[in-house]
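Here, each number is a calculation from the coordinates, and none is a lab measurement. Just so you know, these numbers come straight off a predicted model, no measurement behind them. For neighbour counting, all protein chains shown are included, and Cβ atoms are generated from backbone atoms with ideal geometry for every residue, glycine included.
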Amino acid sequence: MAKDERELISRLQSGDVAAFRELVETNKRRLFTLAYSMVGHVQEAEDVSQEAFIKIHRSIRDFRGDAQLSSWMYRIVVNLCLNRRRKKSLTAMELREDFDNDGVIRSAPEGDPEQQTEASLLKRHLRHAMQKLSPQQRTIFVLRHDQDLPLKEISSIMKISEGTVKSQLFRAVGKLQQALAFYKVE
Amino acid sequence: MVTKMHACKKYQEMIAAHWFGDLTPKEDHTLMVHVESCDACREALELGANTLSTIGKPVTPELPEHFWDGYWLRLTQKMDRNKTSERRAWSVELPEFLRAQWSPILRLSAAAAVFVAGILISRVWWMPQQATQVAELPQPSPNYKVVPVDARTDDLLSRSKVLLIGLNSLDTESVKEKEFSFAPQRKASKELLAETAELRKSAGTNADQQFVELMNQLEIVLLQIAHLEAEHDINAVELVQTSIDREGLLLKINIEEMKRQIIPASTDKSL
């Protein structure tokens, strides 16, 4: 564990509000992205990520540093998402069609109009493709592809073996490939 | 792609690691050697790499900055709301907790409270009922009616009993030997007769039958006494004694007195 992280944990455990804000500002995007990968909805992902921060704030005194702080935080997000999924007993964790209607304004892709249209279509198809992944596959894919987390850390977060992480990652990419087969890379 | 990989499962994990640059150079070389001789694995490796290239980064939405700028504020507001709701939840959950955790104690307490309440209620309601039952005890039969009593009746019975005991215990043999005057007994008997007649008249048809019978028998005996000869009327005395014994008059007077002692004074009515 890095010295900076130990100091941050120490400050958090002493109830330093500035330290907590620092933690939030540093990790809010990553936790949100992970939550979004599992719940598939912006508002719900924000709720989950905020719940995770609240839980971190409450439980930081119990954190002994056995794992990395980031792994511990990711694990909290994963558990919150899984709990929501159990409560809902629905497939709502899958990515939803209405993402574009969440009221979130996104920057338009740069380039000519044809490229913009193609990028928009790809995003739409990608969302469909992500729905074909299981929650575990989707989470692993997001953690590795988007979050750039090492396989070992994903293994720790998901509490599965590193071999299973690789295996699930292989299957996830395979499913995406099948779903996006009509896209040809020049 | 996946279906073609059945024979090369052990290389699937290596291919996945290769896509994301997680293989060591040695592992990467091993994989490359394999894919050169395995069409299925080579195809899977290439298709997967092309897919990831097509997808690009990231697959998650790019949110505008103002969304992130307000994140801290929304988080702190949520924390405040949670604190408030936790306080409310505590006030709601505490009774639930007590019900759940202290349920046996509460049940025992409730049972004890009900028991004590039962005793108190029984004392308030049941005991007066007992008193009423005691008051009703003297009624031996449905035909029995409580005899109205007053001081005159008590006095009559008391004086009659004294008179009868005196005559009943008289040794007729000793009377023969001495001069004995029955004048006081005759006088007392006449007064009692007068009072008896008055009481019977006052009681009317509502009087208790036993009391009426007692009065009748007493009246007969009193008449016998009233007609005793002034001196040495031993035969008449013996007749009186026989009448007292045969009718069990002293016993009946005693019973009547006892009955009147049990009946509360508040229920008494003057004849």
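Computed values, structure above
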item	result
Förster radius 30 Å - calculated FRET efficiency between A:GLN13 and B:THR76, Cβ distance, rounded to 0.05	0.95
About the Cα centre, charge dipole magnitude for the range A:1-89 (Lys/Arg +1, Asp/Glu -1 at Cβ), debye	380 debye
Karplus-derived HN-Hα couplings along the range B:34-49 (A = 6.51, B = -1.76, C = 1.60, θ = phi - 60°), whole Hz, x at Gly and Pro	5, 5, 5, 9, 10, 5, 4, 5, 5, 5, 4, 4, 6, 4, x, 5
Set A:LYS123/A:LYS175; A:LYS28/A:LYS175; A:LYS175/B:LYS9 screened for pairs whose C-alpha atoms are more than 18 Å apart	A:LYS28/A:LYS175
Cα point-scatterer Debye curve for the range A:1-89, base-10 log of I(q)/I(0) at q = 0.13 Å⁻¹	-0.41
In order through the range A:146-156: 3J(HN,Hα) via Karplus (6.51 cos²θ - 1.76 cosθ + 1.60), integer Hz, x for Gly, Pro	8, 8, 6, 7, x, 4, 5, 5, 4, 4, 5
D (Stokes-Einstein, µm²/s), Kirkwood Cα radius, the range A:113-181, 0.692 mPa s at 37 °C	258 µm²/s
